[in-house]
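What follows is calculated from the coordinates using simple rules that are stated; it is not laboratory data. Quick caveat, the model's predicted, so the values are computed rather than measured. Virtual Cβ from ideal backbone geometry, glycine too; neighbours counted across all protein chains shown.
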Amino acid sequence: MIDIGQFCDNKKITMNKNILLTMRVLCIFFFLTSCNTSSQKVHTTGVDSTGEKANSAVQRVLTAEERAKLTPDQILQQFKEGNERFRTNNSTNRDHSAQIRNSAVGQYPKAVVLSCLDSRVPVEDVFDQGLGDVFVGRVAGNFVNEDLLGSMEFACKLAGAKLILVMGHQHCGAIKGVIDEVKLGNLTSLLAKLKPAVKMSEKFDGDKTSKNEAYVKLVAQNNVRNTIHNIRLKSPVLKEMEDKGEIKIFGAFYTLTKGELIFLDQQ
């Protein structure tokens, strides 16, 4: 940085000391401002709800016309690609304040996700989705009951969502609880709904305890499969929509350690 005082002396220009001090302060201020601006460049890579590359913070939300053009398979592919962006720290930059305003007049979500209660599984973030893109249902153990089935029927039959994704996750406390046969108030009846997944995993060759991560993972994944089975069994509305190709019902397992989704077979 140029020493203003020395510059002035060399040019033999007489200046008031207060003016010199002010100029020095201004130089420092502009220098620091410039550095701060360059270090705060906004990350704008990623894609918005329409699949277009985002050159700035995305303000728009999914419209009915855009959703109508999407197939269930395309939405599932968007979720897979969105998780890859999330996992690699390349998520879409969104202007949430603008999206709040733009979504207030109506919503056209393309999918409904049933997730566990776990705070380490931020559903929209995991799939790199924005406001108005996804209906989210959450309950410890990501199982379905009458209320969640009704919510899914609303989301798909009435509101137009085309994908149901059931998502379990690594190190699930509810899964560990049912393995350990935990008894506690209303939690006891909740965990009882997860017992079919334990039975489905009885052929596991190894230590069948909550301390065995491989076993916990298998039970969690089988719990997802059992939930999908119950959706089809207990909701003729959703089963009919799936049979007609109007919706897709799929399962996934989220790894807390990597932020990665494993999409499950439907066996």
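Given Cβ point charges of +1 (Lys, Arg) and -1 (Asp, Glu) and nothing else, what value in debye, to the nearest 20, does the dipole of segment 64-263 about its Cα centre take?
The dipole magnitude comes to about 320 debye.
Take the alpha-carbon positions of segment 64-263, form their convex hull, and give its projected area averaged over all directions (one quarter of the hull surface) in nm².
With the hull built on Cα positions only, its mean projection is 12.0 nm².
Wrap a convex hull around the Cα atoms of segment 119-187, take a quarter of its surface area, and give that in square nanometres.
Projected over every direction and averaged, the Cα hull of segment 119-187 covers 5.7 nm².
Would you work out which of VAL178, GLY132, ASN145 lies farthest towards the positive end of the dipole of segment 130-267, given +1 charges on the beta-carbon of Lys and Arg and -1 on that of Asp and Glu, about the Cα centre?
Looking along the dipole axis, the top candidate is VAL178.
Return the aspartates and glutamates within reach of LYS69: Cα separation strictly under 16 angstrom, same-chain partners fewer than 8 residues apart disregarded; answer none if there are no such residues.
ASP48, GLU52, ASP133, GLU246
Counting other C-beta atoms within 10 Å, which of ILE262, ILE249, ILE228, ILE164 has the fewest, and how do the rest follow?
Ranked by crowding around the Cβ, least crowded first: ILE262, ILE228, ILE249, ILE164.
Rounded to the nearest Å, what's the spacing between the alpha carbon centres of segment 154-170 and segment 68-145? Just the number, please.
First find each Cα centre; the distance between them is then 10 Å.
If I model a spin label as a point 7 Å beyond the Cα along the Cα-Cβ vector, how far apart are those points for LEU117 and THR209 in nm?
My value for the distance between the label points is 2.6 nm.
Report the local net charge at GLY245: Lys and Arg +1, Asp and Glu -1, summed over other residues whose C-beta lies under 14 Å from its C-beta.
Surrounding charge for GLY245 is -1.
Using the number of other C-beta atoms within 10 angstrom as an exposure proxy, rank LYS80, LYS183 with the fewest first.
By the 10 Å Cβ count, ascending, the order reads LYS183, LYS80.
For segment 197-267, what is the convex hull volume of its Cα atoms per residue in Å³?
Per residue, the Cα convex hull of segment 197-267 comes to 101 Å³.
Please order LEU264, LEU187, LEU163 by the number of other Cβ within 10 Å, starting at the fewest.
Arranged by neighbour count, lowest to highest, LEU264, LEU187, LEU163 become LEU187, LEU264, LEU163.
Suppose R0 equals 25 Å. What FRET efficiency, 1/(1 + (r/R0)^6) with r the Cβ-Cβ distance, do LYS80 and LYS183 give to the nearest 0.05?
FRET efficiency, LYS80 to LYS183: 0.05.
Mind listing which GluC sites (Glu not before Pro) in segment 145-193 are in a DSSP loop and have 12 or fewer other Cβ atoms within 10 Å?
Taking segment 145-193 and a limit of 12 other Cβ atoms within 10 Å, the loop GluC sites (Glu not before Pro) found are GLU181.
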